[in-house]
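Quick note: the coordinates plus some simple rules give every number you see, no bench work behind them. None of these values were measured; they are calculated from a predicted model. In this analysis, Cβ positions are derived from the backbone assuming ideal geometry, glycine residues included, and neighbour counts consider all displayed protein chains.
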Amino acid sequence: METDQNLIALSERLLVNLEFAHQRFQNSKEKQVRGDFHEEVKPFADEVKGTTDTWRKAAFYWVGQNRPKNLHVNQIETAADYLEVISVQAFFPETSKKRFLDQLQSVEFILKSLIIAVNQTGSQK
């Protein structure tokens, strides 16, 4: 149960990071200004990578143990990969808007689906 709560907390933190990346991307596009690599890009990307690595392990374990119907380990892997890409691309105005938003929506869907699945499984125990 404690690991379930930890997984939810990690997922929620990644949703916050995702929202920040989305806002930062819109700002970069509007102003056509790149983020400073050492001041903005690297610290944010490092933070997201650390959280994502922990989340990925916890999510793999949880999905393996609970086998939810609509969530699979390959989706966890894809979401983790997209998170790392998004955390960097958000700072560059030349990033493809369509691809960025598609990846963002995909990650958001997987994170929210995982939170729902964990909550449903927890309430059944």
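General observations
- Phi-based couplings in Hz for the range 71-76 (Karplus 6.51, -1.76, 1.60; Gly and Pro marked x): 9, 10, 4, 5, 5, 5
- Computed per residue of the chain from DSSP H runs no shorter than four, each worth -39500 (n - 2.57), the mean residue ellipticity at 222 nm is -28500 deg cm²/dmol.
- For the chain, the relative contact order comes to 40 percent (Cα pairs under 8 Å, sequence separation of at least 6).
- Under 13 Å, Cβ to Cβ, from residue 78 - net charge with Lys/Arg +1 and Asp/Glu -1: -4
- With N as its number of residues, the range 2-124 has a Cα radius of gyration that, divided by 2.2 N^0.38 Å, comes to 1.10.
- Debye intensity ratio in log₁₀ form over the Cα atoms of the range 38-85, taken at each q of 0.22 Å⁻¹: -0.73
- Cross-link reach list, lysines versus residue 29, counting only Cα pairs under 26 Å and skipping chain neighbours closer than eight places: 42, 49, 97, 98
- Nearest-ten-degree value, helix 42-66 long axis tilted from longest Cα axis of the chain: 20
- In degrees, nearest ten, helix 97-124 long axis to first principal axis of the chain (Cα): 20
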